[in-house]
Amino acid sequence: FATVTNVPAPTIICPEPLNLECTNGSVVGTVQAGVVDTNGYPVEVVWTVNGIAYQTNNIPSGGNMTQSNVTFTASFEEGEHTVVISASNGQIAPASCTTTVTVSDTLPPICFGLRTTEWCWSV
């Protein structure tokens, strides 16, 4: 007789979408997510932006429960970016969630001076 144990995937507390103001074509932003594994296994968290893996956080075993807030900081160009957070305890397929980072340039340009030329005509 073999005992079958159902090991749940970690839970991710997915962050709300993030809106950032761009000043020179890009801006640095930080996204934070909560990760919980009720079995206490170590958890690997992988962050991808627009389908490209950017960062991995490793959370050590927490005994009866592994729980942590993890952060990801990156430079985002103007536009909308899809951020996927995947968490795996190595026992079952990873859990994942998706949020967006939207970078906009909504500030009007600032003029520091205006140079004009006057023309005089004689008739």
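Here, each number is a calculation from the coordinates, and none is a lab measurement. This one's a predicted model, so the numbers in the text were calculated from it and none came from an experiment. Don't worry about glycine lacking a Cβ; one is built from the backbone with ideal geometry, like all the others, and counts go over all protein chains shown.
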> Taking H as built 1.01 Å from N, whose amide H comes closer than 5 Å to the amide H of ASN19, not counting residues under 5 places away?
Replying inline: THR102
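Can you tally the net charge around PRO10? Count Lys and Arg as +1, Asp and Glu as -1, for every other residue whose Cβ sits under 11 Å from the Cβ of PRO10.
Values: positive: none; negative: ASP37, GLU44.
Spelling it out: positives minus negatives among the neighbours equals -2.
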>> If you split all Cα-Cα distances of the stretch 15-64 into 5 Å bins from zero, what percentages do you get per bin, shortest first?
In response: 5, 14, 20, 20, 17, 11, 6, 4, 2, 0
> What does the highest-first list of 49-55, 91-97 look like by mean Cβ count within 10 Å?
Replying inline: 91-97, 49-55
>> Whole-Hz ³J(HN,Hα) for each residue in the stretch 41-51, computed from phi via Karplus 6.51 cos²θ - 1.76 cosθ + 1.60 with θ = phi - 60°, x for glycine and proline: what do you get?
In response: 5, x, 10, 9, 10, 10, 9, 10, 10, 6, x
